[in-house]
Amino acid sequence: MQKSIYTQQHQRLCELLIEARKKAGLTQVEVAERLGKPQSFVAKCEGGERRLDVVEFVAVARALGADPASLLLAFAG
(Lines give C-alpha, C1' and ligand atoms only; values in the text may rest on other atoms or scores of the structure.)
Protein backbone atom coordinates (compact mmCIF):
# COMPACT_ATOMS: atom_id res chain seq x y z
CA MET A 1 0.00 0.00 0.00
CA GLN A 2 1.26 3.44 -0.95
CA LYS A 3 1.89 5.89 1.89
CA SER A 4 -0.93 8.42 2.11
CA ILE A 5 1.48 11.35 1.81
CA TYR A 6 1.92 10.46 -1.88
CA THR A 7 -1.76 10.15 -2.77
CA GLN A 8 -4.17 12.48 -4.49
CA GLN A 9 -6.28 12.43 -1.33
CA HIS A 10 -3.40 13.87 0.70
CA GLN A 11 -2.86 16.53 -1.95
CA ARG A 12 -6.58 17.39 -1.76
CA LEU A 13 -6.36 17.73 2.02
CA CYS A 14 -3.42 20.12 1.64
CA GLU A 15 -5.39 22.17 -0.88
CA LEU A 16 -8.36 22.26 1.49
CA LEU A 17 -6.18 23.61 4.30
CA ILE A 18 -4.72 26.27 2.00
CA GLU A 19 -8.22 27.31 0.91
CA ALA A 20 -9.38 27.53 4.53
CA ARG A 21 -6.36 29.63 5.50
CA LYS A 22 -6.86 32.03 2.62
CA LYS A 23 -10.59 32.24 3.30
CA ALA A 24 -9.74 33.21 6.88
CA GLY A 25 -7.39 35.90 5.55
CA LEU A 26 -4.40 34.44 7.37
CA THR A 27 -0.78 34.04 6.37
CA GLN A 28 1.26 30.96 7.14
CA VAL A 29 3.13 33.01 9.74
CA GLU A 30 -0.11 33.96 11.50
CA VAL A 31 -1.32 30.36 11.57
CA ALA A 32 2.05 29.21 12.88
CA GLU A 33 1.93 31.81 15.66
CA ARG A 34 -1.53 30.61 16.68
CA LEU A 35 -0.19 27.06 16.83
CA GLY A 36 3.02 27.97 18.61
CA LYS A 37 4.97 26.38 15.75
CA PRO A 38 7.46 27.71 13.18
CA GLN A 39 6.15 28.89 9.83
CA SER A 40 7.93 25.95 8.22
CA PHE A 41 5.50 23.59 9.99
CA VAL A 42 2.57 25.20 8.17
CA ALA A 43 4.49 25.30 4.89
CA LYS A 44 5.33 21.59 5.11
CA CYS A 45 1.72 20.68 5.91
CA GLU A 46 0.39 22.76 3.03
CA GLY A 47 3.10 21.57 0.67
CA GLY A 48 2.40 17.92 1.35
CA GLU A 49 5.76 17.20 2.98
CA ARG A 50 4.21 16.46 6.36
CA ARG A 51 1.15 14.50 7.42
CA LEU A 52 -1.07 15.70 10.24
CA ASP A 53 -2.37 13.33 12.86
CA VAL A 54 -5.91 13.84 14.14
CA VAL A 55 -4.87 15.98 17.10
CA GLU A 56 -2.76 18.22 14.88
CA PHE A 57 -5.53 18.46 12.28
CA VAL A 58 -7.99 19.67 14.91
CA ALA A 59 -5.47 22.24 16.18
CA VAL A 60 -4.78 23.52 12.66
CA ALA A 61 -8.49 23.75 11.85
CA ARG A 62 -9.13 25.73 15.02
CA ALA A 63 -6.16 28.01 14.28
CA LEU A 64 -7.82 28.71 10.94
CA GLY A 65 -11.08 29.51 12.70
CA ALA A 66 -12.70 26.53 11.01
CA ASP A 67 -14.75 23.69 12.39
CA PRO A 68 -12.68 20.49 12.12
CA ALA A 69 -15.75 18.36 11.39
CA SER A 70 -16.84 20.69 8.57
CA LEU A 71 -13.38 20.51 7.02
CA LEU A 72 -13.46 16.73 7.15
CA LEU A 73 -16.89 16.68 5.55
CA ALA A 74 -15.63 18.96 2.79
CA PHE A 75 -12.67 16.63 2.30
CA ALA A 76 -14.84 13.52 2.22
CA GLY A 77 -17.42 15.08 -0.05
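Within the range 16-51, count every residue that is open to solvent by 80 Å² or more (accessible area, probe 1.4 Å), modelled with pLDDT of 95 or more and within 10 Å of the chain's Cα centre (by Cα).
Here the count works out to 2.
Somewhere in the range 57-69, is a residue touching a residue at least 24 places away in the same chain (Cβ under 8 Å), assigned to a helix (DSSP H, G or I), open to solvent by less than 60 Å² (accessible area, probe 1.4 Å) and not hydrophobic (A, V, I, L, M, F, W, C)?
No.
The values are calculated or read from the model by the stated rules, or taken from the named source; none is laboratory data. Quantities reported herein were computed from a predicted structural model and do not represent experimental measurements. Cβ: placed from backbone, ideal geometry, glycine included. Neighbour counts: every protein chain shown. We work out accessible area using only protein heavy atoms, side chains counted, and drop any ligands, DNA or RNA first. Shrake-Rupley method; radii C 1.70, N 1.55, O 1.52, S 1.80 Å.
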